[in-house]
Amino acid sequence: MVKVILKKGRDESLLRFHPWVFSGAIAQIQGDPREGDIVAVHNAAGELLALGHYQIGSIAVRVLSFSGDPLSPDFWKVSLERARHEREVLGLPSEHTNCFRLVHGEGDGLPGLIIDWYDGVCVMQAHSVGMFRSKTRICEALKEIFEDKLKAVYDKSSQTAPFKAGLDLVDGYLYKAPGFEEHGATVLENGHSFVVNWEEGQKTGFFLDQRDNRFLVGKYAAGRSVLNLFCYTGGFSIYALENGALHVDSVDSSARAMALTDKNVALTGLQDRHSSHCCDAIDFLSAAPEGKYDLMIVDPPAFAKHRGALNNALRAYQRLNAAAISRVAPGGLVFTFSCSQVVDKISFAELVFSASAQTGRSVRIVDRLCQGGDHPVSIYHPEGEYLKGLLLYVE
């Protein structure tokens, strides 16, 4: 096995079980690893610290094991079974929820791998070459674990795997049970029905990380006029409608997303209390009369996907939040989020503070929001806490 030798004193993060080895920490590589190969990481004294997938880039190794032992033949089955058990502890799946995240990368000790479960269909995304090259073994392990409960495994890594690695990045089914039809599915989340199209939709088809926050929107929606910005397929809108909102306006610039929103609203039978707007969300908000809405959801896509874009992203988040806070009705609520990993909780709270001060209104934090428990964060990898949000009360 190829050896990756670290510089002296650069093993502290591995000793704290952080699952990344950065290229700047490497003194030498003994051998000629192919991207995606499993390599052994040693400290400067030659002690074996970890095994992981080698890749080209700033993150040079994504750690799979800190034990030093070779990965066992049943590594994938054991690892995936562990993730499945944790979801069972969380009560997933249940009678009312049959879609959830089964594997959340570093949070489940499988850096570079995402698997979402949609009523028996596993949608996989590999974020590393190593995980992409392991997809067949991952599929076989899923078949062993779930047996006849598994309907299909769909690989959707073309959007996430490194495109410079020369991989055959074509999305498709790795497995289909007899009789399975490839036309998406209608799934349940907290008793609400949603149409999911994992083949053509964003990410794996549905933003599962907002499940708990959608539930909270439902808690506060009764009797309110609701604006759902960057609505995607209308998740927050459905919860608001089915929990007594007076009216919901859903806004997204994607025609395909709005079409799915309309399908999801149709499942509720409450179309008379809903309006879809396919347009720029920020333009719609800027033109909205002050006080029209007393509950707003501001859930934009990631404005910053790397640190080089951080400053511009912070300014964009601040302008967006200032516009929402200035227009919400007195006594209104604003659910505001950032899914940019490089924007931490403190920076997000500070920009919302600046936005609030800019409006001159009295604003209180009612709740602090994050991703659901099926998107776990390893305590040794705080970077995994990518979704952060605030529930604001605005006088």
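Values for this structure:
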{"item": "Which listed residue is in a loop (DSSP other than H, G, I, E, B) and touching a residue at least 40 places away in the same chain (Cβ under 8 Å), from Phe236, Phe206", "result": "Phe206"}
{"item": "Search result, residues across segment 344-371 that are farther than 21 Å from Pro19 by Cβ and assigned to a loop (DSSP other than H, G, I, E, B)", "result": "Gly360, Arg361, Ser362"}
{"item": "Selection status of His42, out of contact with any Gly (no Cβ under 9 Å at 6 or more places or on another chain), buried (at least 19 other Cβ atoms within 10 Å of the Cβ) and not assigned by TED's automatic domain parsing to the domain that holds Gly109", "result": "yes"}
{"item": "One residue from Gly36, Gly107, Gly91 being touching a residue at least 24 places away in the same chain (Cβ under 8 Å) and out of contact with any strand residue (DSSP E or B) (no Cβ under 7 Å at 6 or more places or on another chain)", "result": "Gly107"}
{"item": "Among the residues listed as Ser340, Ser250, Ser275, Ser326, the single one being part of a helix (DSSP H, G or I) and polar (S, T, N, Q)", "result": "Ser326"}
{"item": "Some residue of segment 188-201 being among the small types (Gly, Ala, Ser) and in contact with an Asp or Glu (Cβ under 8 Å, 6 or more places away or on another chain)", "result": "no"}
{"item": "Condition broken by Ile297, with the remaining ones in (1) part of a helix (DSSP H, G or I); (2) among the β-branched types (Val, Ile, Thr); (3) under 18 Å from Thr233 (Cα atoms) satisfied", "result": "(1)"}
{"item": "All positions within segment 148-174 that are under 16 Å from Gln202 (Cβ atoms) and either outside the structural domain of Ile114 (by TED's automatic domain parsing) or not in a strand (DSSP E or B) (or both)", "result": "Lys156, Ser157, Ser158, Gln159, Thr160, Asp171"}
{"item": "Per-region count, segment 53-72, residues in contact with a helix residue (DSSP H, G or I) (Cβ under 8 Å, 6 or more places away or on another chain), within 16 Å of Arg133 (Cα to Cα) and buried (at least 19 other Cβ atoms within 10 Å of the Cβ)", "result": "6"}
{"item": "Out of Leu320, Leu387, Leu333, Leu351, sole residue that is in contact with a Cys (Cβ under 6 Å, 6 or more places away or on another chain) and either surrounded by 17 or more Cβ atoms within 10 Å (Cβ to Cβ) or under 24 Å from Phe284 (Cα atoms) (or both)", "result": "Leu387"}
{"item": "Test for Phe236: is it closer than 16 Å to Leu270 by Cα and in contact with a Phe, Trp or Tyr (Cβ under 8 Å, 6 or more places away or on another chain)", "result": "yes"}
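Condition check ((1) surrounded by fewer than 23 Cβ atoms within 10 Å (Cβ to Cβ); (2) farther than 26 Å from Pro300 by Cβ) across all residues:
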| site | (1), (2) |
| --- | --- |
| Ile145 | yes, yes |
| Leu167 | yes, yes |
| Gly179 | yes, yes |
| Val187 | no, no |
| Leu216 | yes, no |
| Gly223 | yes, yes |
| Val226 | no, no |
| Tyr232 | no, no |
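The values are calculated or read from the model by the stated rules, or taken from the named source; none is laboratory data. None of these values were measured; they are calculated from a predicted model. Here the Cβ is made from the backbone with ideal geometry for all residues, glycine too, and neighbour counts use every protein chain on show.
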